[in-house]
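Visitor: One structure is given below, represented as structure tokens, and several questions about it will come after.
The values are calculated or read from the model by the stated rules, or taken from the named source; none is laboratory data. This is a predicted model, so every value here is computed, not measured. Glycine gets a Cβ as well: all are built from the backbone with ideal geometry, and neighbour counts include every protein chain shown. Note: areas computed on protein heavy atoms with side chains; ligands, DNA, RNA excluded. Shrake-Rupley method; radii C 1.70, N 1.55, O 1.52, S 1.80 Å.
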Amino acid sequence: MDWADLIGRVASSRDREAFKRLFEHFAPRIKGLMLKAGCSSDEAEEIAQNALIAVWRKANQFDPATAGAAAWIYTIARNSRIDLLRSKARADRLQGVSELPDAPDPAEPADIVISRVQDTARITSAIKRLSTEQSMVVKLSFIEERPHPEIASLLGIPLGTVKSRIRLAMNRLREILDEEA
């Protein structure tokens, strides 16, 4: 079978019989290839259909001098698979956003808010009493939430030193906060 000729007939005269032959030959092969690539049966079917619809629409773009007909069709199928995976990833991200609770958080009682503000002030004051090295690693680790290896890289010190400084700083903070209590 001359697949390039069939694509040419689809391009030039929208030959439905030529397209039918292309579809009957390539659709099951594309579906099988997508199943082997890990797609579900429905996804593989959708990719095969989308790919062949694209063959119908883009038949005039096919150039037998640059690619074989089968390679061109399988490339379209591969791109259809990529498009499907991207759209599913986008939909999953949007689904995650839409699952946020609609109701606002109930207001916290004033005494809890005041207590939290006071605790924050006490901790901020205690951090100021640490050495520069200790306060730096505490701020990077707990306030900026940076991972320890990143802190080590930023400060140009070994990872073990970062961990030691954090441990010593936490012990010192405990002592300072116990003194104030």
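Visitor: Pick from Ile151, Ile30, Ile76 the residue whose mean-square fluctuation is largest in a GNM of the chain, springs joining Cα atoms under 10 Å.
Guide: In the Gaussian network model the winner is Ile151.
Visitor: Got a number for carbon plus sulfur as a percent of the chain's accessible area, 1.4 Å probe?
Guide: Carbon and sulfur atoms account for 54 percent of the accessible area of the chain.
Visitor: Would you tally the net charge around Thr75, using a Cβ to Cβ cut-off of less than 12 Å, leaving Thr75 out, and scoring K and R as +1, D and E as -1?
Guide: So the environment of Thr75 carries a net charge of +3.
Visitor: Would you mind working out the magnitude of the charge dipole of the chain relative to its Cα centre, with +1 at each Lys and Arg C-beta and -1 at each Asp and Glu C-beta, to the nearest 20 Debye?
Guide: Dipole about the Cα centre, nearest 20: 720 debye.
Visitor: Can I ask one more? Lysines near Lys139 by alpha-carbon distance under 28 Å, same-chain residues fewer than 8 away left out - which ones?
Guide: Those lysines meeting the cut-off are Lys128, Lys163.
Visitor: Can you compute the FRET efficiency between Val113 and Arg167 using 1/(1 + (r/R0)^6), with r the Cβ-Cβ distance and R0 = 30 Å? Round to the nearest 0.05.
Guide: Once rounded, the FRET efficiency stands at 0.45.
Visitor: Quickly rank 80-89, 40-49 as a protection proxy: mean count of other C-beta atoms within 10 Å, highest first.
Guide: The packing order, highest mean first, is 40-49, 80-89.
Visitor: Another question, if that's okay. Can you figure out the FRET efficiency of Trp56 with Lys88, using R₀ = 22 Å and their beta-carbon distance, to the nearest 0.05?
Guide: 0.40
Visitor: Right, another one. Please give every one of the aspartates and glutamates within straight-line cross-link reach of Lys88, meaning a C-alpha to C-alpha distance under 20 Å, and leave out same-chain neighbours fewer than 8 residues apart.
Guide: Cα-Cα hits under 20 Å: Asp42, Glu43, Glu45, Glu46, Glu99.
Visitor: May I ask you to derive the relative contact order of the chain, considering only C-alpha pairs under 8 Å and at least 6 residues apart, and to give it as an integer percent?
Guide: 15 percent.
Visitor: Something else: Hey, can you find the accessible area per residue of the chain for me, probe 1.4 Å, expressed in square angstrom?
Guide: 67
Visitor: Assign unit charges at the C-beta atoms only (+1 for Lys and Arg, -1 for Asp and Glu), then state the dipole size of segment 1-41 relative to its Cα centre in Debye, rounded to the nearest 20.
Guide: Rounded to the nearest 20 debye, it is 180 debye.
Visitor: So for the chain, what percent of the C-alpha to C-alpha distances run longer than 20 Å?
Guide: Cα-Cα pairs of the chain separated by over 20 Å account for 71 percent.
Visitor: On a 0 to 90° scale, report how tilted helix 159-180 is relative to the longest principal axis of the chain, with both axes built from alpha carbons and the result rounded to the nearest 10.
Guide: The answer is roughly 40 degrees.
Visitor: Given a 1.4 Å probe and the protein chains all in place, what does the accessible area of Lys139 round to, in Å² to the nearest 10?
Guide: Counting only protein heavy atoms, Lys139 exposes about 100 Å² to solvent.
Visitor: Let me ask you something else. Fully extended, how many nm does the chain gain between Thr75 and Leu154 (0.36 nm per residue separation, minus their Cα-Cα distance)?
Guide: Length gained between Thr75 and Leu154: 24.0 nm.
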